[in-house]
Each structure stands twice: as C-alpha cells, then as structure tokens.
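Here's the structure, in structure tokens; my notes come after.
Every number in this text was worked out from the coordinates using simple rules, so none of it is lab data. If you're wondering where the values come from, they're calculated on a predicted model, not measured in any experiment. When we count neighbours, we look across all protein chains shown, and the Cβ atoms used for this are built from the backbone with ideal geometry, even at glycine.
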Amino acid sequence: MSTGTYFYGQIKRIVKLFPGIFTLSLVFALVIGVAGVLNARHTDYNKVTSKYNVGFLCGTDDALLSMGLQFIGSIDDTQLIVNTFQYDTEEAGFDALHNNEIKVLVVVPDGFMDALMYSDDSPVIKLYAASQKGITTVIMEEVVNIFSDDMIYTEAGLYSLQEDLDYTSLSQEEKTKLNDKLFITYMNALLSRGLLTEIEHIGLGDGMSFMAFFFCGIVLFYTVMLSFCSISFFLDSHTEFFMIARSKGVKPSSQILTEYASFFISNLICSLFTLFCVYVLFAAKMVGIEEFSKDLFPRYIRFSGYFILVLIELTSFTFLLFEVMRGIINKFLLPFLVLIGFSFLSGYFYPRSFLPDAACTIGEYLPTGVAYDVISSGVTGVFNAKSMLMLAAYTAVFLILVTYARRIRIERGID
Amino acid sequence: MHISVTDIKKRYGKKEVLKNISFSASGGECIGIIGKNGSGKSTLISILAGIIRADAGSFFVEDRDALKEDTVRHDLVAYVPQGTPIIEELSARDNLRMWYRPEDLKKQLESGFLKVLGIDEFLDVTAGKMSLGMKKRLSIGCAINNNPKVLLLDEPTAALDLVCKEAVYAYLRAFMESGGVLILATHDIYEISMCSGCYLLKEGILEPYSYNNDMTDLLNRI
C-alpha cells in the first residue's frame, strides 16, 4: 500500500458517501440561506426601528428637564437608538421596566437640577437595567454617555449662564428677555445640529454594510456546519485500518493529509455549488449586498478565493474535532457546541464589536474569528495580512495536532 | 527463512509491559503467544508490525532488522489486527484495490491466497453488508498483499463460526507450507495446538510453554 492507493481508497469512500453529503449540504444551505435572508430583510436593525426604550423617572413639572429628555430622543446621536419615556411616579417607572416596556429606567432624583446649578454632586442619577450583560451593557454605556455629554453638560452650561445674568445690573425684565433668548439659541442650535446632520445607516459590522455583514455571517456559519454533512466520513471506527496502513508504511501524516484532502474536496464541491447558486441570485438581483453592487463577477470571484482559504482552515478545524472525539454522540454534540460557541464569539450572529471587550478580543483570535476577518476582506477587498497569516498558522497547527492525535490513536489502539 | 526477536522492551509510564522478550522461528513454523487479556500480546504483535515503537530490542528477518528498516517490514511482514481493518463503504474489490496492484490482484484471485481464502466469492459485496467471517477473510486478504514471509495475527478467528474458522485455518496451513513464519497471539485451543512452539506472556515476561491438552494446567499458569 502506498500513500497514493490510500488516497484512492479515501476518495472512493467520499464518492460513495457524496450523494448523502451533497443532498444534506443543499438542504442545509437552503434552510440557513432562507432563514438568513428573511432575517436580514426583516430585521428591526435594518429598518432602524429597533430602538432601546429608556424610561426617565423625574418630575414632569420641570420644563427644562422635560425639554432635555425630549432632545435625548431626537438629536442626531441618539435618534437611531433610543426612545424616551417619562414617568412621574416610581411605581409607574418600575412597572414599565418589569413589563418590558422599557429596558432601562433612569431615576433622576429630586434636587438634581438645583444640584447642577450649584455644582453639588450629591444627588446621583441611578440607572436600573432590565438585564445586565451583553447588548444591555453596551446600550447602558450609550445612555450614560448621552446623559453626561448631551444633557447634563449642556444644561449645566445653560444654568451657569442664567446664574451669571443674576450678577449683572440689568433689570428683571431685561434678564428675562436675555434668558429667553439664551434658551431659544440653545434650542435652535440643537435643532440645527439635528437637521443639518444626515445620517446614513451603513451597517452594523466591522466596516461592512448591513447585508454584507449578514452575508458573511451566513456563509461562515454554513461553512462551519457544512462539515456535519460529512460526519458519516468519521463515524465508523477505522482504527485497525489505520494500524494496518501504518504497518504497511502509510504514516499517520500521510493518512491525515489524504483523508483531509478527500474531506476538503467534498466540502469544496458542496460549497462551490452553493456559492454558484448564490451568485445566480446576486446576478438576478434577487438578493444583493452593497459591496457587490458594481463589478459583481470579479468581486465575487475574489470573495470565492478568500472563501476557499477559509474553507481550508475551518475544514482542518472540524477535522481535528471529529478525529479527537470518540463515540457517535460526542463526535456530533461536542464539536457542534464548540462551533456554535466559537461562531457566536466570532461575530457570526451579531457584530463582534457589540460584545464585551474581553469576549470581543477572544472572538477575534479564535480560528472562527480569523476566518471572519479573512472572509470580510474578501467582501471589502481590503487585504488583511495578519489574518491571512493566522489563518495559515491555524491550518498548520490543526493538521499537526490531528496527525499527533492519529499517531496516539494508532499506537494505543483507541477505537 | 529465519526470524529472531531479541530483548524487546516496552514501558507505558511506570508500567513495564514487555521485559526482554526474545524468541526465534524458522520457515514453516507457527509461534503462539498465549496470555490473559492485558498481558501485552497485542502490544508485542504491534511492535513487530511497526505500529508501536519498542523501547529496545530487535526483530531480525533473515539478517535485517525489521524494527529499524521499514522496507524490510513492508516487504516481508504482514499484520492482521484483531478486528476487521477494512473500509465498510467499499466493496471487497475496492478494498483489495487499495492494497494490490491490478495485475497481482487478478493473479491472486485466480490462483493465489485470495482464492484459498474464498474472497473471489464475494468480490462485489459492500463490506458493510458482509458477515464477520467474510470481513475477517477480506482483512487477511488485504494484509497479505506483499506476499509476506512473516505473518503476524492477533486473535485471527475470534468470534468466527466454524466454517469461517476453517477457511482461515486452510489459508494459515497453506501459508506455513509455503515456508512462511506465523506468529499468533491467541486464546484459541485449536490455534495453540497448531503451533510448533508456544510462549506464555505473563507480567511482561515471555516463557516457553508446551501445551499438552491439559486445560487446567494452562489456566493455572496463565
């Protein structure tokens, strides 16, 4: 037996299994594609309708405070992300929070406006969040920023100017006129700023348009899960076959390379067929992303090239997982859980930058995260040398590890 | 044709599985390695087959060390593990094609050992649909693709019915008659009685054992 005949055997195997693998991959691509497109087209984020509902518990009799809250929900920085609600009583505010009508309740204590005027920081604004982790934390930070940057500083400045007026020798009537003028100037400035700013919602994820982000996420999730369509290639125990092949001179490294090549070819054929179908949809303008709106063919070819590189890496990753897991349940369940977790951290379902810092960093350096960066390069056309190198390194490491695992498996006769 | 195994040692962590294992045999002989489960029989066979590295020792086939020269082992030694090392998705023919050159395969199926094993009767049956006996015969058929002079078998007829056992024994007898050396790790009394020399492997030490149809004695010593 030679490496060549061993490869022949593996190719024969994959050919025998291929009808099932191909059918499963098509069904999977269809399901994930339809789900992804429907989600992307109808998601609230795309329509810019999913705003964060923020409740404010403060007295409605303070006109300036009420005006400030109204501006929070209308100025340029915030109009896309928050809806504001004002409550008079603590009961009404917390009821709204508990009924999920609002995500955060901002409690503005009595005397807050006076404290602004006299630079006294004893009354502290408190925020109550419906949940504490993930996206809520991000939005909470946004709300705090809005409060501190837009409302408190601006209105504190307004109060200071009002206070300065008191020390002038002007009559009360003149002071009132100037006060009104100051207030109107402030409002006009805010309104002008809001009107002059044209906001274009270019997307959620890492320099890509909204649909491109979804496209990358869907393609990567499909790629990660594609290997499960070929799981029959790994299910039977072949340890004794590997042992006898080893005794005939086919080393573990040669075994792994030929098996990996067969596995990869199967995945490649399935995914290229799927990519071709997607291309047809793009060309027919049934779906589309901004980045491919011009020069579709060359850009799609470039994307496909990057995709193949990603497929090489992710296939080696799943190959390693399938090789080291023993038992049918473990072989399916544990890699599935690992890949779902990695996919989440790597931003396949939600932009990675929306995750907490630590999770974001981890996600960036995971093999799935590196794959995301490479494939997004394929969409944007911006070459990312670091990600490419990491992709190559990960592939090499996975293949070395799986070779080592195979050697151990052969030597110890692990079924 | 002569083989000699000398001072083979193997240790797993602190456990010394094989301690200075030595024996020799000539063409036409069958060596039986007896011992209870976990005694190290499979480890010894795996070392001789080149699957596991020995910590020390040699395995000379004629005057060349098969543990150091891979080509000697590939050309002269064949190994059949305990199970059925075949690919379930493929037919017997496709399995054999992985191991044989087309012209050799044709020749073996017409008048060689593959004919003796009866593999020509189920060439186009998918391995997954074969009986255990067919799989075992096919496994041996795949293993002997190099026309070996030394055949290493790990419990070759375990779980086979009498008819299949007889097909395998017919081949083993033919192999020995052709001047090959057979090394068997076995629990089977009939296989033990086939052997020209038996060794008992216990606590890592290999001792000569002469089986005289006394099962009680064998059980006491094992």
Inset, instruction - Please compute P(r) over all alpha-carbon pairs of the protein assembly as shown, binned at 10 Å starting from zero, and give each bin as a whole-number percent. - result: 3, 13, 17, 15, 12, 11, 9, 7, 6, 4, 2, 1, 0, 0
Legend entry - Calculated [θ] (222 nm, deg cm²/dmol) that DSSP helices of n ≥ 4 give over chain B, each run adding -39,500 (n - 2.57): -10000 deg cm²/dmol
Inset, instruction - Go ahead and set up a Gaussian network model of chain B, Cα springs under 10 Å, then flag whichever of B:N95, B:N145, B:N37 fluctuates most. - result: B:N37
Legend entry - Neighbouring partner chain Cβ atoms per residue of B:86-92, average, 10 Å criterion: 5
Inset, instruction - Take peptides B:166-173, B:27-34 and line them up by average Cβ neighbours within 10 Å, highest first, as a rough protection proxy. - result: B:27-34, B:166-173
Legend entry - Computed FRET value (nearest 0.05) for A:Q172 with A:A385, which takes r as the C-beta separation and R₀ as 56 Å: 0.20
Inset, instruction - Sequence neighbours fewer than 8 away in the same chain don't count; with that in mind, list the lysines whose C-alpha is under 30 Å from B:K107. - result: A:K12, A:K16, A:K248, A:K251, B:K115, B:K129, B:K135, B:K136, B:K149, B:K165
Inset, instruction - Assuming 1.306 mPa s and 10 °C, estimate D for region A:222-267 with Stokes-Einstein, Rh taken as the Kirkwood radius over Cα pairs, in µm²/s. - result: 136
Legend entry - Axial C-alpha extent at least 18 Å, average Kyte-Doolittle at least 0.5 - helices from chain B (DSSP): B:162-177
Inset, instruction - Quick one: which residues, 5 or more positions from A:F85 or on another chain, have an amide H under 5 Å from its amide H? H modelled 1.01 Å from N in the peptide plane, none for Pro or chain starts. - result: A:V54, A:G55, A:F56
Legend entry - Peptide A:234-245 - average C-beta neighbours from other chains (10 Å radius): 6
Legend entry - Extension gain, B:D65 back to B:M215 (0.36 nm per residue minus Cα-Cα distance, nm): 50.4 nm
Inset, instruction - Report the calculated FRET efficiency for A:S2 and A:L281 (r = Cβ-Cβ distance, R0 = 60 Å), to the nearest 0.05. - result: 0.85
Inset, instruction - Would you mind estimating how fast chain B diffuses translationally, via Stokes-Einstein at 20 °C and 1.002 mPa s with the Kirkwood radius over Cα pairs, in µm²/s? - result: 120
Legend entry - Cβ neighbours within 10 Å from other chains - mean over A:176-186: 0
Inset, instruction - Using packing as a proxy for protection, rank A:393-400, A:11-18, B:80-87, A:175-182 so that the peptide with the highest average count of other Cβ atoms within 10 Å comes first. - result: B:80-87, A:11-18, A:393-400, A:175-182
